[in-house]
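Undergrad: Here you go, one structure.
The values are calculated or read from the model by the stated rules, or taken from the named source; none is laboratory data. None of the values given here were measured: they were computed from a predicted structure. As a convention, Cβ positions derive from the backbone with ideal geometry for all residues, glycine included, and neighbour counts pool all protein chains shown. We work out accessible area using only protein heavy atoms, side chains counted, and drop any ligands, DNA or RNA first. Shrake-Rupley method; radii C 1.70, N 1.55, O 1.52, S 1.80 Å.
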Amino acid sequence: MDNRSRHNRLQDWLPKLVVSPSFALVLIFVYGFILYTGYLSLTDSKMLPSYGFVGLENYRKLWKLPQWWTAIANLGIFASLYILFSVVIGLGLAILLDQKIRAEGFLRPIYLYPMALSFIVTGTAWKWFLDPGIGLENTMHQLGWTSFSFTWIKDPQMAIYTIVMAAVWQSSGFVMAMFLAGLRGVDNEIIKAAQIDGASTVTIYRRIIIPLMRPVFLSAFVILAHLAIKSYDLIVAMTGGGPGQATTLPANFMYSYTFARNSMGIGASSAIIMLIMIFSIIIPYLYSEIRGEKR
């Protein structure tokens, strides 16, 4: 084997050798632990892992728990409002910036700034802002508006909506960036043809541009739904899951039953249910993308 063939073979194997440690770590610490969690969900594990096989008993117990149903109901409220308002606000901001306004270079970083913060920082800031004793209500009272009251974060019926407000504030800028990229990718010839035909700006967006952005809507939905299902740190920082269980989501339930209530089997089964929720969103999306590329 001459030096040239050795050099070519080394060039073929070098990228694989560089990537293989990362691939091995992902294989072990992501997919390996997913399989391990799935196995624990079928055992009688309590405070520590146990390997007494109980089949689907943990799943039956899980769906009989009122706390789990409360977490699922909270997730339904949170996810639906979070996705809806993030998409509407993000699209509105993207359309605003798409008008080639002078302050675009100034406004775009401001809109994107919340996404640079962690959910812990966001949750802590909104907790202080909404706290009646030190936040918005207290400020209004000091300004002389003593009748002003905003105690949603302390109200079991309204607390979940404060979580929605904080999550939308953080994510709408990211959604705006997605839509802005989609808007800038629309063929200008189509828009010019519509303008020549006398179509108004509103009609162009409603009848032409927005329908062309269906892939962006789908991508935004998948990303936001994934973030909603796995939401944990924002709730911990803002409300700790309270008042009572008013803001408890499946991720908080999973942590509580795994580490606080020493029911690792039930906690693992709730984690697998969350994984199935995410897969039920991502797999159809990937299938549609692959199918679209083939077409």
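Undergrad: Got a number for carbon plus sulfur as a percent of the chain's accessible area, 1.4 Å probe?
TA: On the way: 11630 of 17500 Å².
Using a 1.4 Å probe with all protein chains present, the chain comes out at 66 percent carbon and sulfur.
Undergrad: Leaving out ligands and nucleic acids, and using a 1.4 Å probe, what accessible area per residue does the chain come to in Å²? Present the calculation step by step, with values, prior to reporting the outcome.
TA: On the way: 17500 Å² over 295 residues.
It amounts to 59 Å² per residue over the chain.
Undergrad: How big is the dipole moment of the chain about its Cα centre under a simple scheme where the beta carbon of each Lys and Arg is +1, that of each Asp and Glu is -1, and everything else is neutral? Debye, nearest 20, please. Before the final figure, lay out the partial values.
TA: Values: 23 positive and 15 negative charges, 111 e Å.
Charge dipole, the chain, about its Cα centre: 540 debye, nearest 20.
Undergrad: Still on this model: Excluding residues on the same chain fewer than 8 positions from K16, give the aspartates and glutamates whose Cα lies under 18 Å from its Cα.
TA: none
Undergrad: For a quick check: with amide H placed at 1.01 Å from N, whose amide H comes under 5 Å from T43's, ignoring anything fewer than 5 positions away on the same chain?
TA: Residues meeting the criterion, in which the H sits 1.01 Å from N, are V54.
Undergrad: Right, something else. If you consider only alpha-carbon coordinates, what radius of gyration and Dmax does region 1-96 have, in Å?
TA: 24.5, 71
Undergrad: To continue, here is another question. Just to be sure I understand the rule: take each whole DSSP H helix in the chain, project its Cα atoms onto its long axis, keep it if the span is 24 Å or more and its mean Kyte-Doolittle hydropathy is at least 0.5. Which ones pass?
TA: Numbers: long enough: 3-26 (34 Å, -0.36); 66-97 (46 Å, 1.72); 159-184 (38 Å, 1.39); 264-294 (43 Å, 1.17).
Counting only whole DSSP H runs, the qualifying helices are 66-97, 159-184, 264-294.
Undergrad: A further question on this structure: Excluding residues fewer than 8 places away in the same chain, name every one of the lysines whose C-alpha is closer than 28 Å to that of K127.
TA: Within reach: K154, K230.
Undergrad: Same structure again: Give the lysines reachable from K192 as a straight Cα distance under 17 Å; neighbours fewer than 8 places away on the same chain don't count.
TA: K100
Undergrad: Just to be sure I follow: if Rg is taken over the C-alpha atoms of the chain and Rh is the Kirkwood radius over the same atoms, what is Rg/Rh?
TA: Working: Rg = 24.5 Å, Rh = 22.8 Å.
Checking Rg against Rh, the ratio lands at 1.07.
Undergrad: Students sometimes get this wrong: rank M274, M254 by accessible area, probe 1.4 Å, all chains present, largest first.
TA: Numbers: M274 20, M254 55 Å².
Largest accessible area first, the residues go M254, M274.
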